[in-house]
Amino acid sequence: MDVSSVKKIMAQDTVLYLPAKIAEGVLGILLLYAYTNHFFTPEIYSHITYGTALINMANLVFAGWITQSATRYVSQYQNSTEESDFFKTIFAVQAVIGLSVICTAFIISYTVRLTVPADIFRYYIFMFAGFSLSQFLLPLLAFMRRIKLNLILSVSSNLVKLVLTYLFIIILKNNEVSPTAALLSYGITDLSIAAIIIFRINVFIHLKAGKVKKEIFKILFSYSLPFLGVNITTALLNQSDRLIVQPLAGDTQFGIYSANYVIPSMVLLMISTGVMRGVYPILLKSYNRNEPEQAAELLSQAIRYYLLIALPAVTGLISLSGRVSGIFLGEQFYENGYVISVVAAGLLCSGLVEYSNKAWELSADTKPIFRNTAVSAGVNIVINIVFIPVYGYRTAAVSTLLSFFLYLCMSVAGSRKKIKWYVKWSSFLKIALACIAMFLFLHAMKQILPESLTSLALMVVSGAFVYLAVLLVSGELKEVTVMFRRK
């Protein structure tokens with residue numbers, strides 16, 4: 001298949017994923033609004049976000065490798081004579097890992113003094129069971145190209161969590177002293193998603209018909225072995241700031257920091273995931289066919305798609321950060337948008353690293369990634385430990401930006417030696433010009449419009465129109481519009 005045809009498929013998949021991810025992000029913001037305005041105080045909310053950070057880290061460190069291998073090889077085994085053996089092998093490995101982590105965590109909850117109450121920690125264990133399964137299964141759907149089911153489950157998860165949390169608050173009536181309602185809703189939602197996926201992809205049929213094969217396990221483990229160190233350092237880089245703020249700055253400051261962190265995190269994550277889910281399966285197939293030039297071209301196009309969407313999103317978050325914080329977060333969580341702005345810039349760098357690193361990931365050459373994440377994570381941890389006691393939680397936002405910017409510089413410097421991806425300077429300048437025009441427009445609008453949800457929505461929509469108008473006039477979107485007009 002020629003490059004233009006592959007690009008069209010990649011663009012169509014990206015366009016399919018992005019609206020769903022935007023809807024998922026909007027529901028995530030609604031969930032955050034309810035949590036911080038009506039359901040929980042900063043102290044109680046801190047226990048929720050501390051748990052999600054801890055669970056994210058544990059899942060990435062212990063179970064990340066099997067997810068990476070499963071998604072890498074699922075299309076290869078799908079519809080083959082060994083399909084059932086493949087599914088039985090990956091589910092057996094996932095079960096062993098999950099049960100080992102859960103049993104260890106239970107022992108820790110009864111023997112080790114923790115920074116959160118032991119009963120809350122045990123709810124984290126319940127959350128881990130659902131989270132690890134759903135995070136294992138949702139990427140499988142994407143790489144099996146069960147796109148609609150993947151999107152329906154992803155989009156509905158935040159809405160279900162909101163409804164369940166509200167119901168548990170009514171039933172338990174303890175949200176002023178405990179995060180139990182939220183922790184239960186997270187665990188139940190993720191377990192339900194996992195159960196639906198297991199049923200829809202006929203896992204029980206595969207488990208009954210297949211065998212756990214040592215040969216398949218060796219293939220999976222050999223692929224992911226180089227990633228184990230990377231997963232540990234990546235977990236430290238992505239989650240350590242939130243785990244450090246709580247013991248050093250206290251529950252209240254951590255609650256404020258994490259609530260403001262969630263906003264740019266959701267926006268940038270939905271963009272990065274939406275684009276990556278659309279482009280990576282196609283990119284992987286191109287690389288597997290031993291077409292390095294096409295892979296480089298597709299990776300370059302993927303980076304361009306990300307910049308087209310993420311750069312204006314970050315520009316808007318920085319410009320409107322104060323209003324976003326004031327409107328969507330409760331009064332006790334408001335901090336004038338500093339964390340939102342700085343973290344947004346840092347997560348933009350993080351998203352770009354995800355694409356840059358693909359040059360190494362495709363060939364499983366992860367030593368450079370391990371080195372880069374280890375250095376960046378070390379910088380992040382040192383800055384937080386030294387300066388959070390002095391300057392408070394805002395230090396964690398600055399460390400996020402500095403560490404991810406350092407990571408991006410190291411990644412770009414090395415990855416292009418592996419795959420010659422590129423960013424056209426003419427294209428980047430047009431995107432930057434459109435972002436500048438949007439920023440100036442939003443600045444003028446802020447002087448005119450009052451602080452309200454309606455005016456914020458108006459600024460977001462009109463700012464997006466300004467951005468798109470400048471891109472259309474500059475000709476930057478010509479290729480994309482022509483691509484979708486052709487039959």
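A few points about this structure:
- Calculated FRET value between ARG113 and ALA469, using beta carbons and R₀ = 51 Å, to 0.05: 0.30
- Taking the Cα centre of the chain as reference, the dipole from Cβ charges on Lys and Arg (+1) and Asp and Glu (-1) amounts to some 1360 debye.
- For region 40-225, lysine pairs separated by 8 or more sequence positions, or belonging to different chains, with Cα-Cα distances below 21 Å total 7.
- The calculated FRET efficiency for LYS173 paired with TYR223, based on their beta-carbon distance and R0 = 60 Å, is about 0.75.
- Each peptide among 102-111, 178-187, 159-168, 259-268 gets the average number of other Cβ atoms lying within 10 Å of its residues, and from highest to lowest they stand as 259-268, 178-187, 159-168, 102-111.
- Rounded if a/c under 1.5, otherwise prolate or oblate - region 29-131, Cα gyration tensor axes: oblate
- Structure-derived Rg and Dmax of the Cα atoms in Å: which label, when the choices are [x] 23.9, 78; [y] 20.9, 58; [z] 22.3, 67: [z]
- FRET efficiency, LEU30 to PHE428 (Cβ-Cβ, R0 60 Å, nearest 0.05): 0.95
- Inter-site label distance for ILE22 and LEU207 at 7 Å from Cα along Cβ, in nm: 3.9 nm
- Spin-label model distance (nm) - LEU406 vs CYS103, 7 Å beyond Cα toward Cβ: 3.9 nm
We did not get these values from a lab; they are worked out from the coordinates using the rules stated. Note that the structure is a prediction, hence the values are computed from the model and not measured. Quick reminder, even Gly has a Cβ in these numbers, built from the backbone with ideal geometry, and neighbours come from all protein chains shown.
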